[in-house]
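K.L.:
Quick one: structure below, then a few questions.
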Amino acid sequence: MQRTQLSLAVLAAVAAFTLAGCGEEKKPAPVVAAPPAAPAPVVVKLGHVGPLTGGIAHLGKDNENGARLAVDEANAKGLKLGGKSVKLELLTEDDQADPKVGTTVAQKLVDAKVAGVVGHLNSGVTIPASSIYKQAGIPMISGSATNPQLTEQGFNNVFRVVGRDDQQGPAIASYLQSEVKPKTVAVIDDATAYGEGLANEVEKTLKAAGVKVLPREKGSDKTADFKAILTKIKGKKPDAVFYGGMDATGGPLLKQGRELGIKAVFAFGDGACTDKMKELAGDAAEGLLCSQAGLPVQAANKQFLDAYKAKFKIDPILYAPFTYDAANLLIEAMKKADSADPAKYLPELAKSSYDGASGHIEFDAKGDRKDAEMTIFTMKGGKIEPIAIIKGGKTTKFEDFIKAAAPAAPAAPAAEAPKAAAEPAKPAEPAKK
Amino acid sequence: MDIFLQQIINGLTLGSVYAIVALGYTMVYGIIQLINFAHGELVMLGAMVAFSVIGALAGTSLPPVLIVLAGVLAAVPACMLVGFAMERIAYRPLRNAPRLAPLITAIGISIILQHVALLVWSRSPLAFPQIIPLVRYYIGGAIITGVQIAIILTSVLMMAALTLLVYRTKLGIAMRATSQNPQVAGLMGIDINRVISFTFIVGAGLAAVAGVMVGTYYGIAHYSMGSLLGMKAFSAAVLGGIGNLAGAMLGGILLGIVEALGAGYIGDLTNNVFGSNYQDVFAFIVLIAVLVFRPSGLLGERVGDRA
């Protein structure tokens, strides 16, 4: 997925560096009001990494803002470790959503002796970077990397506060099963590791619930012609069709299905859970169901949303609540261990039990979040909108979830639905509209 | 039965596109015995150019038919230019070289064109804007859409026009003469270079139209869409008998239908041992079968000793 030439990469890195520098100059000045302790406070560095340039730079900045908010709040409250007052400093790096750059900046943070890292954003970048942090024994928490492999490496320093892709299949399947109540479901995949894996999970869950699943149909990640497959499926009259694949193939599939007059409910995983589905499938996209790991941002707690808005003058976009929680988890663990030494506070981090902006957080033995939420979306008026939250196999309507999370929360109006999740890094769109 | 009919309609639409692309392969082969593997990329370029124009015009109040027509009118000259340049720059200097040289060059051109498209249009697929209302007609329980009818009609018209061009015009006579014997045709006063250029231009024009058709049909265009389509159309041309115009048309339509029926029924026939993921394989099974049992193709008269 990389087309960066070296020269471009260098340029971008320079630009990013300058930009990041500018950002830092502005931000801490107005807010930092840490009580000036008599001796100069000890500085503890935390790192944040995400793409700050390129197609998903806006998501990277959003993540960074989340972490910055947590750090600034902790500084404002004042932090004491081992009897000395401590000032936290957030070092931010740009990984350009590129695995190669990701490992380079990870090494840079390690050399700068950070005590912990929040990031990275993309799974594909986080996984190679995690081994560098592992070697240095530095704890890292990703707020957005959903690929299961990240926590399957057996690294004790790696955590994440979002759900995993392989929890997604069961979530969308159980939603289908409980809300659509299909008798027969057709499952199609794009023969990639992602699509097939997701489709397998869906099929397993549906079969366990006693739903009849038709023999698997397969396209490829380049297929544009699904007519033959869909015609065959139409003959079997399923009530729902699940497709494991990305939006580039899911869009045509949905469009062709409706053209053939298939009335079944179409459901997709996060790869096809984007607003681009509207563009690719046109009106046929209306009413599709799809799932994403994690929570839509408007489901985060009110306190966080307000603080974010007050500080950055914009609404959080996607994963900011998770990076905010990730940074707070690091800080809380340091407090409990009364030390910023990674070796000392890491055990505390693993034992965390913390109520954050994205709900209650505890880690399992692998470093995954226990009972992570999955969100079900539907396409409504050309935008994907959250309709339900699935947690621990239980489905909650989205409005009820919001109410339960923050009793005084106003109905979140048309907040921007999350775009492509971390994994399908959205390529830059040529100027259009 | 309606499912069967539906698969036939699907296959017929797809086959029409294959036929138009196959014509480009077969014309070039007929005249200089070169398999122009870059032909599939011309289809892709046609679709991409047309989508860019259509996307730019989609917001205006022009009627959809005019917008698509504008897309075609932009794509056809663009592809013709690329087709002409391809022959002039890459193939003409190699005309008397050993046969393998232009073949490898063709593969090289194909890769170059793909990557140029990648640079220009990026990796993400272009979507066809929602401008054509979905019109469905019912035939015995099966559905045929307005776009499908337009595709089938356009390809029939283009095949008819091409047949007229080749068999009823002076230029057509020159083309046929050149394909029979270039040296003698040259002695008779035919400007062979012009005829060959013209053949490439016509083939590229057909490819551009095919690109618009396939793009409109699926609603998506992508920088790598040309290679597989090109390979299948090439198989169609071989199936019909490469170098033979009627053969390319027949081969294209047959291949489309074989593919649709194959993908639709192989699962049921083999008790799901083979699934619809073998859809793309049928074209090549047909290609192999033809090469083994009837190397000259269904309608081909010359044995393919030149390939």
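Quick note: the coordinates plus some simple rules give every number you see, no bench work behind them. Just so you know, these numbers come straight off a predicted model, no measurement behind them. Here the Cβ positions follow ideal geometry from the backbone for every residue, glycine too, while neighbour counts run over all protein chains shown.
K.L.:
Within a 10 angstrom radius of each residue's Cβ in B:196-208, how many Cβ atoms of other chains show up on average? Whole number is fine.
P.N.:
The shielding value for this peptide is 0.
K.L.:
Build a GNM of chain B with springs between Cα atoms under 10 Å: which of B:Leu12, B:Leu62, B:Leu113 gets the top mean-square fluctuation?
P.N.:
It is B:Leu62.
K.L.:
Checking the cross-link filter: which aspartates and glutamates have an alpha carbon closer than 20 Å to that of B:Lys170, excluding same-chain neighbours under 8 positions apart?
P.N.:
B:Asp191
K.L.:
If you take the charge dipole of the protein assembly as shown about its Cα centre, with +1 on Lys and Arg Cβ and -1 on Asp and Glu Cβ, which of A:Leu88, A:Gly271, A:Asn328 is farthest toward its positive end?
P.N.:
In the protein assembly as shown, that residue is A:Gly271.
K.L.:
May I ask for the percentage of alpha-carbon pairs in the protein assembly as shown that lie more than 52 Å from each other?
P.N.:
Summing the P(r) tail past 52 Å for the protein assembly as shown gives 22 percent.
K.L.:
So, one more: Would you mind ranking A:Leu346, B:Leu157, B:Leu298 so that the residue whose beta carbon has the fewest other beta carbons within 10 Å leads the list?
P.N.:
Arranged by neighbour count, lowest to highest, A:Leu346, B:Leu157, B:Leu298 become B:Leu157, B:Leu298, A:Leu346.
K.L.:
Among A:Val118, A:Val101, which comes first, second and so on when ranked by fewest other beta-carbon atoms within 10 Å?
P.N.:
A:Val101, A:Val118
K.L.:
Considering every residue in A:214-220, what mean count of other chain Cβ atoms within 10 Å of its Cβ is obtained?
P.N.:
Taking the mean over all residues of the peptide, I get 5.
K.L.:
Can you tell me the dipole magnitude for the protein assembly as shown around its Cα centre, using point charges on the Cβ only (Lys, Arg +1; Asp, Glu -1), in Debye to the nearest 20?
P.N.:
That gives the protein assembly as shown a dipole magnitude of about 900 debye.
K.L.:
What is the distance in Å between the Cα centroid of the range A:329-365 and that of the range A:79-153?
P.N.:
15 Å
K.L.:
Quick one: plug the Kirkwood hydrodynamic radius of the range B:1-155 (C-alpha pairs) into Stokes-Einstein at 10 °C, 1.306 mPa s, and report D in µm²/s.
P.N.:
The Stokes-Einstein estimate is 89 µm²/s.
K.L.:
Given the peptides A:137-147, B:203-213, A:180-190, arrange them by the average over their residues of other C-beta atoms within 10 Å, most packed first.
P.N.:
Final packing ranking: B:203-213, A:137-147, A:180-190.
K.L.:
Under 19 Å between alpha carbons, and skipping anything fewer than 8 positions from A:Lys100 in its own chain: which aspartates and glutamates qualify?
P.N.:
In chain and number order, the partners are A:Asp111, A:Glu423.
K.L.:
Also, quick follow-up: Under 8 Å for C-alpha pairs, at least 6 residues apart: give me the relative contact order for the range B:12-225, rounded to a whole percent.
P.N.:
RCO, the range B:12-225: 43 percent.
K.L.:
Among B:Met44, B:Met188, B:Met225, which one shows the highest mean-square fluctuation when chain B is modelled as a Gaussian network with alpha-carbon springs under 10 Å?
P.N.:
B:Met188
K.L.:
Which cross-chain or sequence-distant (5 or more) residues have an amide H under 5 Å from the amide H of A:Leu91, H modelled 1.01 Å from N in plane?
P.N.:
Under 5 Å from the amide H of A:Leu91: A:Leu46, A:Gly47, A:His48.
K.L.:
If we count other beta carbons within 10 Å of each Cβ, what is the order of A:Tyr354, B:Tyr217, A:Tyr194, fewest first?
P.N.:
A:Tyr354, A:Tyr194, B:Tyr217
K.L.:
I want to check the label-to-label distance for B:Arg294 and B:Leu134. Put each point 7 Å from Cα in the C-beta direction and report it in nm to one decimal.
P.N.:
Inter-label distance under the simple model: 3.9 nm.
K.L.:
Under a point-charge model restricted to the Cβ atoms of Lys and Arg (+1) and Asp and Glu (-1), what is the dipole moment magnitude of the range B:12-225 relative to its Cα centre, in debye to the nearest 20?
P.N.:
That gives the range B:12-225 a dipole magnitude of about 320 debye.
K.L.:
Sticking with this one: Determine the shielding of peptide A:259-267 by partner chains: average, over its residues, the number of Cβ atoms on other chains within 10 angstrom of each Cβ.
P.N.:
The mean count of partner-chain Cβ atoms within 10 Å per residue comes to 2.
K.L.:
Give the separation of the Cα centroids, the range B:169-234 to the range B:41-113, in Å.
P.N.:
Comparing the Cα centres of the range B:169-234 and the range B:41-113, I get a distance of 11 Å.
K.L.:
Here is a further query. For the pair B:Phe284/B:Thr270, report the inter-label distance in nm, with labels modelled 7 Å from Cα in the Cβ direction.
P.N.:
It is 1.4 nm.
K.L.:
Cα gyration tensor of chain B, axes a ≥ b ≥ c as square roots of the eigenvalues: rounded (a/c below 1.5), prolate (a/b > b/c) or oblate?
P.N.:
In terms of gyration-tensor shape, oblate.
K.L.:
While we're here: Given the options B:Ser52, B:Ser276, B:Ser155, state which has the largest fluctuation in a GNM of chain B using a 10 Å cut-off (strictly under) for Cα springs.
P.N.:
Between B:Ser52, B:Ser276, B:Ser155, it is B:Ser276 that shows the largest mean-square fluctuation.
K.L.:
Step through the residues of the range A:185-192 one at a time and calculate ³J(HN,Hα) from phi using the Karplus curve (6.51 cos²θ - 1.76 cosθ + 1.60, θ = phi - 60°), rounding each to whole Hz and writing x for Gly and Pro.
P.N.:
For the range A:185-192, the Karplus-derived couplings read 10, 9, 10, 10, 9, 9, 6, 9 Hz, x marking Gly and Pro.
K.L.:
Run the simple label-point estimate for B:Tyr167 and B:Ala246 please: 7 Å along Cα→C-beta, distance reported in nm.
P.N.:
It is 0.7 nm.
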